[in-house]
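Data first, discussion second: the structure below is written as structure tokens.
The values are calculated or read from the model by the stated rules, or taken from the named source; none is laboratory data. A quick note: this is a predicted structure, and the numbers were derived from the prediction, not measured. Please note: Cβ atoms are built from the backbone with ideal geometry, for glycine as well, and neighbour counts cover all protein chains shown. Just so you know, the surface numbers come from the protein's heavy atoms only, side chains and all, with ligands and any DNA or RNA stripped out. Shrake-Rupley method; radii C 1.70, N 1.55, O 1.52, S 1.80 Å.
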Amino acid sequence: MKSIKIKADNLNVHYGEKQALFDVSMYMEKKQVTALIGPSGCGKSTFIRCLNRMNDVIDICKVQGKIEIDGNDIYAPDMQVEQLRERVGMVFQKPNPFPKSIFENVAYGPKIHGIAEHKSDLEEIVVNSLKKAALFDEVKDRLSDSGTSLSGGQQQRLCIARAISVNPDIILMDEPCSALDPIATARIEELMGDLKTEYTIIIVTHSMQQAARVSSRTGFFHLGKLVEVDKTETIFSNPSDQRTQDYITGRFG
Amino acid sequence: MTDRIEQRINSLNKRLNSEKRFRIYCIGAMSFALAWVLILFLNIFSSGYSAFYRTVIQVDVPFLNLIEDTTQFSEMSSEDINNLSMYSFSKKAIYRLFPDIEEKKDKKMLIRLFSIEFEQEIREFLKSNKSNINETETIYLTASDDVDQVNKGNYPRDLDEDKRRIKDIQLLFFDDLVDRGLVSYEFNLPFLMRGDSREPELAGVGGSMVGSLFTILVVLILSFPIGIFAAIYLEEFAPKNRVTDFIEININNLAAVPSIVFGLLGLGIILNTFGLPRSTPLVGGIVLSLMTLPTIIIATRASLRAVPPSIREGALAVGATKMQAVMHHVVPVAMPGALTGTIIGLAQALGETAPLLLIGMVAFVVDVPQTPLDASASLPVQVYLWSESAERGYVEKTSATIMMLLGFLILMNLAAVLIRRKFETKW
Ligand SMILES: Nc1ncnc2c1ncn2[C@@H]1O[C@H](COP(=O)(O)OP(=O)(O)OP(=O)(O)O)[C@@H](O)[C@H]1O
Ligand SMILES: [Mg+2]
């Protein structure tokens, strides 16, 4: 039995009057890839953004319930969000590198957390992060170029490097490949395979094949409810709920 | 079948024609606006460019008549030279141009060819060259406004004598001086250096230029930081509720308040309640800051809003605090826009007249201000002041001042465009 990294308990989320998540309870295993699938607007992003409290920046968003990471309640009053986000990195749907140099993009996190004492430490972190994100070879001669000058796939890998630069435990990915072509997508999927040896990964995806390829467990969301969560093989071969069955066979969504 | 095609072609032709007509209207409107701008510029330029030149008359001044030995000047302090009585000496130097005239009336007419400060000009020459003054020195003295205008051809010579300010005998003198090659035409540096004067030929735009500069400096120092910080707070940190809505509406209202109201405010509060010195660039700057602030705040907020939210999220997601995300990533991207807004606000302030009239920056100021606490005029107020004077000299100087004002405005707007081009973030 693998150990549990994240545990959500009866999570309810409202945007103003509108409820976006209903009683979601699930756990995610350590150093595994968990995929979240479901039709558009079903609350996948809302759920994943609860895990590093990115929803805090939305004024009207109210989160009820409990989320524990390593047994600590992340919505507890004494939890510092900045510290939480250092441990729970995030890669967004659309690549969003800072309009600064490639080096600065990756160095920013370590800098603000004071992780690197010397310039050489910082350089090492940047190089290692870029290597882990499988981007280093492509950009090693142009680290001072703007991060926005890279191609879409490279930008997304830069964002992954940025996320791992602060050495998190968990990486959240919200449709990281939706803006990428199949080749770039394949690279990122390959990358996830490497990354899961060190990190716990949660990925939101619209591609059933992707979920099947990369994840060990998959959760299916529908209309704000977690319909079913199980081993990926089980979800795709033998789902217990009719709605899951309909969705993965492409009958709706 | 062919009917339908014909119908289509007809309707297409109709649409194309109406597009043509529309384009003609647009071009017409643009040409009309452009023509007005051109007429305005031509008008101002043609009546103002001559103010940048001035007429001087060459006079040989026999300093030996003032002192036994001209080397003695080098031992005198400036004060000693100020104490020398030089009036009749200077006049005699001028009479030497026409040694034959005897009558007092004619002599007076001759003196009047020169600006009233001829004695002062000779004294200044002496002061700045005191260590090597020869027995006789050639000095270029400023001609009076009337002579200047005649020389520039602005003055109708064929009017009856009693309708002219310049008399026949003076014209005779003048023509003779021209024939002897003593009248020359030079770049009017004093116009750019001096303050205002009651004599049109001596009046300069330097004082009001420095006054405007100090005023704009005060505006910049006050409104740039306040505007930027207010905008950052309102856009990034303020909770969205009734209070901030109210503040937002009022900032927009403030931008629409007629500028003269700010002048009244300055008069009532800054001068009367706080007792700051009247007519000074400091007070002018404070009043204009009130006007400029909304412009800066609105421009800065717009450029903050234009920064994609994904940048903020990217910074927050690696654990930056909200302030770090804003200061490290959002503000740098928004800065070119904020600077552009600031420059445009400053340009507005530079051309503003009405509030300055109310806080007393219309004073007649001869001295070029040394600090923002000295009484001073500003360029647009100088235009206002001179435009009321009838003398030809002031008329051309009014236009010349407008030219300078427009020049500064164009420079500032150019700077705004360049900053935006150069520092704009490329995504
Ligand atoms: N900032 C917000 N304000 C108000 N409502 C929101 C906000 N963000 C999301 N919602 C609502 O919450 C619901 C869930 O949205 P969410 O973004 O989580 O969906 P999703 O599953 O990620 O969809 P997609 O696959 O299209 O990204 C939607 O109905 C959406 O309208
Ligand atoms: Mg989403």
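Structure values in brief
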item: Spatial separation of Cα centroids for the range A:117-144 and the range A:224-247, in angstrom; result: 40 Å
item: Under Karplus coefficients 6.51, -1.76 and 1.60, residue-wise ³J(HN,Hα) of the range B:317-324 in Hz, glycine/proline x; result: 5, 8, x, 6, 6, 4, 5, 5
item: Antiparallel %, DSSP beta bridges [both residues in the range A:145-253], to 5; result: 55 percent
item: For the range B:265-317: rounded, prolate or oblate by the Cα gyration tensor [a/c cutoff 1.5]; result: prolate
item: Accessible area per residue, Å², chain A with all protein chains present, probe 1.4 Å; result: 44 Å²
item: The range A:71-133: projected area of the alpha-carbon convex hull, averaged over directions, in nm²; result: 5.9 nm²
item: Degrees between helix A:152-164 axis and first principal axis of chain A (Cα, 0 to 90, nearest 10); result: 90 degrees
item: Rounded tilt (10° steps) of A:182-195 against the dominant C-alpha axis of chain A; result: 90 degrees
item: Solvent exposure, largest accessible area first (probe 1.4 Å, DNA, RNA and ligands not counted), of B:D160, A:D141; result: A:D141, B:D160
item: Solvent-accessible area, 1.4 Å probe, carbon plus sulfur percent, for the protein assembly as shown; result: 56 percent
item: Total formal charge among the other residues, if their Cβ is under 11 angstrom from that of A:D230, Lys/Arg +1 and Asp/Glu -1; result: -1
item: Whole-Hz couplings from phi, Karplus 6.51/-1.76/1.60, listed for the range B:335-341; x for Gly and Pro; result: 4, x, x, 5, 5, 4, x
item: Rounded accessible area of A:C177 (nearest 10 Å², 1.4 Å probe); result: 20 Å²
item: Taking N as its residue count, the alpha carbon Rg of the range A:173-253 over 2.2 N^0.38 Å; result: 1.11
item: Per-residue average of Cβ from other chains inside 10 Å of B:318-330; result: 5
item: Rel. contact order, % - alpha carbon contacts under 8 angstrom, at least six apart, chain A; result: 28 percent
item: Sites B:S18 and B:L40 - FRET efficiency at Förster radius 35 Å, r taken between beta-carbons, to 0.05; result: 0.55
item: Nearest-10 value in Å² for the accessible area of B:L38, using the 1.4 Å probe; result: 110 Å²
item: Separation between Cα centres of the range B:334-401 and the range B:121-155, rounded to whole Å; result: 30 Å
item: Residues of type lysines that B:K422 reaches as a straight line, Cα spacing below 18 Å, ignoring anything fewer than 8 places off in the same chain; result: A:K100
item: Percent antiparallel among DSSP beta bridges (both partners in the protein assembly as shown, rounded to 5); result: 70 percent
item: Added length on full extension, which subtracts the Cα-Cα distance from 0.36 nm per residue, B:R278 to B:D245; result: 8.2 nm
item: Compactness of chain A, expressed as Rg and Dmax over alpha-carbon positions, Å; result: 18.1, 57
item: Rh (Kirkwood; distinct C-alpha pairs) - the range B:222-354, Å; result: 16.1 Å
item: Whole-angstrom Cα spans of the range B:50-187 along principal axes, big to small; result: 52, 36, 25
item: Violating pairs (Cα-Cα greater than 26 angstrom) within the set A:K140/B:K322; A:K5/A:K132; A:K5/A:K62; A:K94/A:K131; A:K30/B:K322; B:K91/B:K127; result: A:K140/B:K322; A:K30/B:K322
item: Rounded tilt (10° steps) of B:392-423 against the dominant C-alpha axis of chain B; result: 40 degrees
item: Buried area at the A-B interface (accessible, heavy atoms, 1.4 Å probe, summed, Å²); result: 1700 Å²
item: Rounded accessible area of A:H206 (nearest 10 Å², 1.4 Å probe); result: 80 Å²
item: MRE, 222 nm, helices only [DSSP H, n ≥ 4, -39500 (n - 2.57), over chain A, to nearest 500]; result: -10500 deg cm²/dmol
item: Modelled FRET efficiency - R0 22 Å, A:K131 with A:I183, Cβ distances, 0.05 increments; result: 0.65
item: Rg [Å, one decimal], Dmax [Å, integer] - chain B, C-alpha atoms; result: 30.5, 115
item: Cβ neighbours within 10 Å from other chains - mean over A:78-90; result: 3
item: Candidates A:A20, A:A134, A:A179: whichever shows maximal mean-square fluctuation once chain A is modelled as a Gaussian network with Cα springs under 10 Å; result: A:A179
item: Peptide A:95-104 - average C-beta neighbours from other chains (10 Å radius); result: 4
item: Separation in nanometres of the label points that stand 7 Å from Cα toward Cβ, at B:S85 and B:Y49; result: 4.9 nm
item: Rounded to whole Hz, the Karplus (6.51, -1.76, 1.60) HN-Hα couplings of the range B:235-251, x for glycine and proline; result: 7, 9, 10, 4, x, 8, 9, 4, 4, 6, 4, 4, 4, 4, 4, 5, 5
item: Gyration tensor over alpha-carbon atoms, the protein assembly as shown, equivalent ellipsoid semi-axes in Å; result: 78, 30, 24
item: Reach of A:K44 by Cα under 17 Å, taken over aspartates and glutamates that are not fewer than 8 positions away in the same chain; result: A:D9, A:D23, A:D56, A:D174, A:E175, A:E228, A:D230
